[in-house]
Every structure is written in structure tokens, then in C-alpha cells.
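Visitor: Pasting a structure here, questions to come.
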Amino acid sequence: MALDGRFWIRGGALWRRTDVPSSASDLREGLATPIYLRRSSSAKSVTSSACCLQPLRYAVLGAGFAGLSVVWHLLESNPKELSLVIDLFDEVGIGGGASGVAGGLIHPYSPKGKLLWRGPEFWKECLKLLSVAEKENSDEDQIVWRRGIIRPATTPKNAEILKENASNLPDGFCNEFLGQDATQKLVPGLRAPYDASVYMPHAVNIHPSRYLQALFLACKNLSEETSMQIRFFKKRIKSLLELQDDYDCVIICLGAKATMLPELEGLLPLRLCRGVIAHMQLPDSAREAYEERSPSILSDAWLAAQGPRTLVMGSTWDWGSENSSPDVSPQEECRALEELIPKVVSVYPAIEKWSMAEMKGGLRAMPPLTSAGSLPLLGCVDDFVKEKGQAKYWIIGGLGARGLLYHGLLGKLTAQAVVLQDEGFLPSELISWKKLHLKPR
Ligand SMILES: Cc1cc2nc3c(=O)[nH]c(=O)nc-3n(C[C@H](O)[C@H](O)[C@H](O)COP(=O)(O)OP(=O)(O)OC[C@H]3O[C@@H](n4cnc5c(N)ncnc54)[C@H](O)[C@@H]3O)c2cc1C
């Protein structure tokens, strides 16, 4: 039975179209291998009819940007006729880690204004997921602000580089290099100390927790339209071994806390870095509200604009911290304000009239620097868990400080690799960390 262009069901198993066995002897002699045959099935069930297929069972660990993206793409790429159960685990809830406290700024450029490695693809897939969530959002509360981002130059040299890079972008990416007057028109009160800034008109900022809730709802609705099922468990996973008998596949999307799983401890080349953000509000008595259309500001510190009286200010970089709590102690709060306010004042002095409403913290998982930049970590990690060659355990990790840009494409690629049980489907740049950094136990 043909499912779609890529899959075929024969003999109670799912095959890649190119691998369908031409005869029973191919099967017996192991010349053809199905990409899905429930692992607990006996050889006998291979010859039973397609209607006896048991549902595929996937566990996705972590309900942040990475986890929800892979859930969405698994649901989307799974042939509709094939029944699938996805169990999503998170010890806190949807957006319980760094994703829930992120500033929400998204653009595909390096600090020098160049497109990042595969920036256009990351950007496209990220925007697609944002629209999926927006369609699901019936609340009046906004998820995405399409107001662009402006980056004032920080040194004369930086101004030259931003100018040159803004003029060398491919079609569809049109950053504008602005002088002080144009900068002031765009964001009244913004100082561009070197009379130069780059404006990224298509950049956006989002409300991360609303986005994640809406994306989760979209996943539930998509699963209800098909024979697929998604279940959420608020549960801490202490070890991957807990899950080994119950799932065909386990996808680890635990952010910084993937490093704390006993099976992966000491094996992931990630550095942890805590960050704190402040939600700022303009008191009713103050007049200089942030203009409705003004872009967010990216400098040594940043301001993500959510409304005329609502800004998010970030972020601190506490390297080596393992504190993943969203709660911020009074001491940490003081230190963060002492660090952030002067940085923001140097570009947006009016911030001194705003007051801090709330602070939140989260832990980033920072990947190593490669010749293509700091790239996230993908791939199959069976060798480091137990089940060699089963294509059972996968990771999406090291999203660093660009989780929003990365999550769409990473979730899509991983879902496809998982369904095809083929790590070769993933870009070599994203799996090469395994050769360099992991030594099987
Ligand atoms: C202060 C700050 C500001 C940021 N601002 C931005 C920004 O503006 N733009 C941007 O693109 N990126 C930003 N980032 C980075 C971004 O937040 C991360 O890249 C992204 O959240 C990583 O997503 P993730 O899904 O990999 O991890 P997480 O969001 O951390 O998700 C992991 C999930 O796993 C759960 N979990 C952990 N351990 C277990 C366990 N043992 N069992 C069950 N569940 C578990 C956690 O509760 C969590 O929900 C910021 C980060 C910080 C800290």
C-alpha cells in the first residue's frame, strides 16, 4: 500500500519507497530493512498484514522551542495513515526552561550584519512556525511584533563594517544603513553614538510563552485531525533508561539540562550561561512612551518592544552558572540592573524613566565555535546511551542565544531524520561535533 511519495507499507512494516523488498527472500536474507517495524515485534509479525501495525511511539523530552518544533514537524511529516503517539515530557510545563524567558528577538544576522550560516533557511522555517502559532491564537494578546530591529554601531570600525555588510546582502534581505537623523526619526530618543546604525526592517520580536502555548495548541489540533495522538506529561526524566522499553524513538530537547542526564553527562560540548531579563514598564505619569512603530533595539544590551509602555530589557551573561531557575534573587536582581541600565542608557537614555516590573532568568546551552559559526548540535546519540545502530535516541541541543531563529529548521530536519531513521539526512556541519567531542564509553 503506497502512503505518499516517500513511504510504502508492506508485510506489516513501513518502508522507504526505494527500499521496498521485491521478494520474501530479500526480507529473510536481510537484503531489505524496513524503516519502521515496531521494535518489540517478532519476525512473524513482518509477514502479517498492514492492519496489524502498532502505533509508533515517540518520546520528546522538553517542551521548549526545540521540543515543540520537533513535535510539530513529526506530526506534519508522518504519513497520515500511520498511527503515531507522541509523549511530550517536561518537568515544569510548556516553556518551562530558557524558551519561556527568552527576550523574543529574531533575525538571521551576525553582530556584524552578515547573514548567518544557512540564515535564509533558518529564517524561513522560523517564520513558518510563527504563523502556525499565530493562526491558533484566538486571544487578543499579541504573539509577534513585526516592527524590525535597529542596531546602533558601537565603534567607528563597527560602523564601517555594518555599512559594508548592509550593502552586500542577497535579494530578499534588505537592511538599511542609517545616520543619526534617520535613526532618531525611527526611534525618537535613540542615540547612535557613531552617527550610524543598521536597521533590519523584517526582523521581529515575539512573546515567547504565548508563542509556545499557541504552538502546542496547534500540535494538539493537528493531531486531532489525523490518527496521531499527542500527550503531555509534567514529569522529570531522570535517566533515558526509564524510557527504553516504551518508545521507538526518544528525542532529547532538554536545553542546558541535557548535560545533566546521566547518559550524556560530560559528553556534550556545551558551555552553560545563565541570563536574566527585566520586564520594564513606563509609569502612567510619564509621557515619553515608546512609539508604536519603532523597532526594537539591539546593542551591548537590548530592548524588545512589546508596546508603548512595555519593554523587555536584556540580558546578562553569567558564564559557568548551572542555575536554571526562572526566579531571580534580590542580589541577582541588583547585579543585573547595575549591569544592564548603564548599557541601555548609552543608547536609550529615556529608560531611566521606566520601572522594573519583573525579572526572569534562564540557562543557555552554548555550543562550540566552528568555522561556520556557533552551530547547534543535532544527531543520533545511540552510541552513548546503549542501543547501538537502532536510531533510537536523538538530540536537538546547543541552541545558544539564537534558539528562536534555529528551532524551526532544526525541528524539521530532526523529524525527517527520525522518520527515515537516517542521520545522514542531517547537514554534516550539525553532526560533526560527535566526531570531535564525543568518545563512546
Ligand atoms: C535570558 C535569555 C534571553 C534569551 N533571549 C533570546 C532571544 O531574544 N532570542 C533567541 O532566539 N533566543 C534567546 N535566548 C536563547 C533561547 O532561550 C534558547 O536558545 C532556547 O530557549 C533553547 O531552547 P530549548 O528548547 O533547546 O531549551 P529549553 O527552552 O531550556 O527547554 C528545555 C525544557 O526541558 C525541560 N527539562 C529540563 N530537564 C528536564 C528533565 N530532566 N525532565 C523533563 N523536562 C526537563 C525544561 O523544563 C524546559 O522546558 C535567550 C536565553 C536566555 C536565557
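Each reported figure results from applying straightforward, stated rules to the coordinates on display, with no laboratory input. All values reported here derive from a predicted model rather than from experimental measurement. Note that we place each Cβ from the backbone using ideal geometry, even for glycine, and neighbour counts take in every protein chain shown.
Visitor: Mind listing the long-range amide H neighbours of residue 105? Cut-off is under 5 Å, sequence gap 5 or more, other chains count too, H placed in the peptide plane at 1.01 Å from N.
Guide: For residue 105, the qualifying residues are 206.
Visitor: Could you work out how far apart the two model spin labels at residue 357 and residue 293 are, taking each label as a point 7 Å from the Cα in the direction of the beta carbon, and quote it in nm?
Guide: It works out to 2.5 nm between the two label points.
Visitor: Rounding to the nearest 20 debye, state how big the charge dipole of segment 212-324 is about its Cα centre with +1 on each Lys and Arg Cβ and -1 on each Asp and Glu Cβ.
Guide: Roughly 240 debye, rounded to the nearest 20.
Visitor: Counting other Cβ atoms within 10 Å, keep those with at most 11, restrict to DSSP loop, and tell me which GluC sites (Glu not before Pro) in segment 180-248 are left.
Guide: 225
Visitor: Moving on to the next point. Using Cβ contacts closer than 10 Å as the measure, can you line up 154, 414 from fewest to most?
Guide: 154, 414
Visitor: Taking square-rooted eigenvalues a ≥ b ≥ c of the alpha carbon gyration tensor, is segment 102-197 rounded, prolate or oblate, where a/c under 1.5 means rounded and, failing that, a/b exceeding b/c means prolate?
Guide: Note, shape of segment 102-197 comes out oblate.
Visitor: Near the amide H of residue 249, under 5 Å away, which other amide H atoms are found, from residues 5 or more places off or on another chain, if H is placed in the peptide plane?
Guide: Under 5 Å from the amide H of residue 249: 57, 59.
Visitor: Let me ask something additional. Long-range amide H contacts for residue 370: which residues qualify at under 5 Å (H placed 1.01 Å from N, peptide plane, sequence gap of 5 or more or a different chain)?
Guide: When sequence neighbours closer than 5 places are left aside, the close amide H contacts are 375.
Visitor: Quick one: dipole size for segment 134-225, taken about the Cα centre, charges +1 on Lys/Arg Cβ and -1 on Asp/Glu Cβ, in debye to the nearest 20.
Guide: 380
Visitor: Give me the angle, in degrees from 0 to 90, between the Cα long axis of helix 330-345 and the longest principal axis of the Cα atoms of the chain, rounded to the nearest 10.
Guide: On a 0 to 90 degree scale, this one is about 60.
Visitor: Using 0.36 nm per residue, how much length does the chain from residue 422 to residue 157 gain when fully extended, once their Cα-Cα distance is taken away?
Guide: Length gained, residue 422 through residue 157: 90.8 nm.
Visitor: Please go through segment 143-221 and write out the trypsin sites (Lys or Arg not before Pro) that DSSP classes as loop and that have at most 15 other C-beta atoms within 10 Å.
Guide: 146
Visitor: While we're here: Treat the count of other C-beta atoms within 10 Å as a stand-in for reagent exposure and order 334, 126 from fewest to most.
Guide: 334, 126
Visitor: Magnitude of the Cβ-charge dipole of the chain, K/R +1 and D/E -1, about the Cα centre, nearest 20 debye?
Guide: Using Cβ point charges on Lys, Arg, Asp and Glu, the chain gives about 760 debye.
Visitor: If each residue's Cβ is checked for other Cβ atoms within 10 Å, how do 123, 319 rank with the fewest at the top?
Guide: Ascending Cβ contact count within 10 Å gives the list 319, 123.
Visitor: With the cut-off at 22 Å, tell me which of the pairs 220/386; 257/343; 114/163; 157/343; 112/343; 128/435 have Cα atoms farther apart than that.
Guide: The pairs that break the limit, which is 22 Å between Cα atoms, are 220/386; 257/343; 128/435.
Visitor: First check a/c for segment 217-352, with a ≥ b ≥ c the square roots of the eigenvalues of its C-alpha gyration tensor; if it is under 1.5, answer rounded, and if not, answer prolate when a/b is larger than b/c or oblate otherwise.
Guide: Cα axes put segment 217-352 in the oblate bin.
Visitor: A further question on this structure: Using just the helices of the chain, give the 222 nm mean residue ellipticity in deg cm²/dmol: DSSP H runs with n ≥ 4 each add -39,500 (n - 2.57), and the total is spread over all residues, rounded to 500.
Guide: Helices in the chain give a 222 nm mean residue ellipticity of -8500 deg cm²/dmol.
Visitor: Right, another one. Can you work out the Karplus-derived ³J(HN,Hα) for every residue in segment 315-326? Use 6.51 cos²θ - 1.76 cosθ + 1.60 with θ = phi - 60°, whole Hz, and x for glycine or proline.
Guide: Values, residue by residue: 9, 8, 10, 9, 5, x, 5, 10, 7, 9, 5, x Hz.
Visitor: Here's another thing I want to ask about it. Explain nothing, just compute: Karplus ³J(HN,Hα) = 6.51 cos²θ - 1.76 cosθ + 1.60, θ = phi - 60°, for every residue of segment 301-312 in order, whole Hz, x for Gly and Pro.
Guide: Here the 3J(HN,Hα) series is 10, 10, 10, 9, 8, 10, x, x, 10, 9, 10, 10 Hz.
Visitor: Follow-up. With unit charges on the beta carbon (Lys/Arg positive, Asp/Glu negative), name the residue among 396, 172, 232 whose Cα is farthest towards the positive pole of the charge dipole of the chain.
Guide: Value: 396.
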